[in-house]
Ligand code: TYD
């Protein structure tokens, strides 16, 4: 099973992914953790490019979209192999991040033709202001406008693609409990 956490920057994906991974391992499951951008050469290039002051410009975003798709294509084999070994793949972001962050739905779909879609997407949703206050150095107006748009797109995607939406404003333990309640039945567990 390929499970993915999505959400705007500062929504707590990494923390919750770690909690979920530890809990699944305690329950006896073998877990593989991945993240996008990955640690591949393409992923490293993306992380460098994201530092650029023009990272939100239209042409820059298009270039990034292509790189995210390339990075994801490299990931496909890894996910397949892990699933074949009956491991649960837990991912920090997926193809849906590109739909939420980059523009041009149809084009994003096309360039991600080979990307795997997660079996379960959990969207950690919270107010943009709160998310920004959790991110160091990301506190300007432009960032808020940008992330407001991303949050709206995520909520639209959630309706279109049946994401499970969790209120990420509730503190680590409550959010973890909410995520467990969603994941447990998918794995045949009662909690
Ligand atoms: P993020 O999860 O914040 O990584 P980290 O916390 O390790 O730095 O992802 C980096 C940024 O990349 C984040 O702002 C979202 C963006 N992003 C996209 O714009 N499109 C995508 O397809 C993906 C996967 C990420």
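Each value in this text was obtained by applying a stated rule to the coordinates, not by laboratory testing. Computed from a predicted model, the values in this text were never measured in an experiment. With ideal geometry, Cβ positions are generated from the backbone for all residues, glycine too; neighbour counts draw on all protein chains shown.
Observations on the model:
- The one condition from (1) assigned to a helix (DSSP H, G or I); (2) in contact (Cβ under 8 Å) with a residue 12 or more places away in the chain that residue 116 does not meet is (1).
- Residues that are farther than 18 Å from residue 23 by Cα and more than 16 Å from the ligand (Cβ to nearest atom) do occur in the stretch 131-144.
- Residues in the stretch 79-104 that are more than 17 Å from the chain's Cα centre (by Cα) and under 28 Å from residue 60 (Cα atoms): 104 only.
- Residue 171 meets the conditions (1) exposed (fewer than 15 other Cβ atoms within 10 Å of the Cβ); (2) closer than 15 Å to residue 16 by Cβ; (3) touching a residue at least 60 places away in the same chain (Cβ under 8 Å) in every case but one. The failed one is (3).
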